[in-house]
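Structure first, then comments.
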Amino acid sequence: MLVKFDEERLADNGDPWTAVLTGPGVGPNGFIRYDGDTLPECLYVVLNKLCDQPGDWSWLPDDF
């Protein structure tokens, strides 16, 4: 997982946070990416998308 904060995008009124998951277990594209306003928002989206992929993701908390 990569988590990034981009101050330049923040200055341009863009989404400053990026979360990226990569690897064979994250779906047919090999990655899940989301750009958002906050870190919790990014983590929530990518982890929910991860749970939609085939595999046993039961180890992830239910309340992220």
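The values are calculated or read from the model by the stated rules, or taken from the named source; none is laboratory data. These numbers were taken from a predicted model, which means no experiment stands behind them. With ideal geometry, Cβ positions are generated from the backbone for all residues, glycine too; neighbour counts draw on all protein chains shown.
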Report task. Please enumerate the residues belonging to the range 45-60 that are among the acidic types (Asp, Glu) and within 15 Å of the chain's Cα centre (by Cα). Result -> Asp52
Requested in this report: Just give me the residues in the range 39-64 being among the aliphatic types (A, V, I, L, M) and modelled with pLDDT under 90, in sequence order.
Outcome: Leu60
**Report entry** Of all residues in the range 1-44 being of a type in the set (S, T, N, Q) and under 22 Å from Pro61 (Cα atoms), the one that is nearest to the chain's Cα centre (by Cα)
**Finding:** Thr18
Requested in this report: Pairs only if they're at least six apart or on different chains, beta carbon under 7 angstrom, first in the range 21-35 and of a type in the set (A, V, I, L, M, F, W, C), second modelled with pLDDT under 95 and assigned to a loop (DSSP other than H, G, I, E, B); list them, first residue then second.
Outcome: Leu21/Met1; Val26/Gln53
